[in-house]
Amino acid sequence: MRNLVISVMIAGGALALVGCAVPRASTMHYAPAQFPNRIVNEAVVPESFDVCWSRLIAGLSSEFFVINNVEKASGLITLDFASEAPERYIDCGQTTRTYADSTFTYAVAGDSQYLVDEKVGVNVARKEIHRTTSVEGKINVHVSAVPDGTKIAVNVRYVLTTRVGGRYRIAGSLASGPVQEFAPETYTKAFNTNAPSERESQDDVSCGSNGALEQIILDVVRKKP
């Protein structure tokens, strides 16, 4: 629906020439994510080390992970992962933007589109912004024998990549031009399980795990064939 709204606005003249070159009113509000005190990333399974180890190797191979390294002697499995839907696994809060009579609300961890004006000399650049996100990283799964069975601990290093691009048109009393693409900019943010990123400025966002990825791995070893 948002894509349709943007297309209609452009077709109807949202990027067209305006006489007074006054930016349209816009606002932006960011609501940071609220993280729990601790993501559940450990479990004790009442079965032997060998049973849990075999189940992990077989189960993780059938998921979307790439097994990089296996060291049974030390109980360490190292995985790679990547996703074009970061909002399933991480939380970076929510942003609400307004532009004229339109409102755009989106999860910062996911893809989004919105409109904004930017003053350029005596003219205005009418911008249609496109944000695309992806996440990748490494996972360490540590398996160890304990008195009650086998302990599995999962720790993830997340790297969120956000690409911001789009198109614009100069509108004003002295100049106008065709719709043009502008060069996209790329931003990255890294954080770990139970260690969300900090906001470095008012314009920054905080991101952290929502526990879903860690839960997938713990569920693999809990499931019996």
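Quick one: Arg169 ticks every box in (1) without any contact (Cβ under 8 Å) to a residue 24 or more places away in the chain; (2) outside any loop (DSSP other than H, G, I, E, B); (3) within 30 Å of Arg24 (Cα to Cα) except a single one, so which number is it?
Of (1) without any contact (Cβ under 8 Å) to a residue 24 or more places away in the chain; (2) outside any loop (DSSP other than H, G, I, E, B); (3) within 30 Å of Arg24 (Cα to Cα), only one is false for Arg169: (1).
Going by the structure shown, is His130 under 26 Å from Cys52 (Cα atoms), open to solvent by 20 Å² or more (accessible area, probe 1.4 Å) and modelled with pLDDT of 95 or more?
no
Would you mind listing the strands (runs of 3 or more DSSP E) fully within the range 60-121 where at least 3 residues are closer than 21 Å to Ser134 by Cβ and of a type outside the set (A, V, I, L, M, F, W, C)?
In the range 60-121, 76-83, 112-120 are the strands (runs of 3 or more DSSP E) which contain 3 or more residues that are closer than 21 Å to Ser134 by Cβ and of a type outside the set (A, V, I, L, M, F, W, C).
Inspect all residues belonging to the range 63-76 and state whether any of them is touching a residue at least 60 places away in the same chain (Cβ under 8 Å), within 26 Å of the chain's Cα centre (by Cα), open to solvent by less than 20 Å² (accessible area, probe 1.4 Å) and closer than 23 Å to Lys138 by Cβ.
yes
Could you run through the range 9-41 and say how many residues are within 30 Å of the chain's Cα centre (by Cα), modelled with pLDDT under 70 and assigned to a loop (DSSP other than H, G, I, E, B)?
2
Going residue by residue through the range 172-191, is there one that turns out to be open to solvent by less than 10 Å² (accessible area, probe 1.4 Å) and modelled with pLDDT of 95 or more?
yes
The values are calculated or read from the model by the stated rules, or taken from the named source; none is laboratory data. No experiment lies behind these values; they were computed from the predicted model shown. With ideal geometry, Cβ positions are generated from the backbone for all residues, glycine too; neighbour counts draw on all protein chains shown. Accessible surface areas use protein heavy atoms only, side chains included; no ligands, DNA or RNA. Shrake-Rupley method; radii C 1.70, N 1.55, O 1.52, S 1.80 Å.
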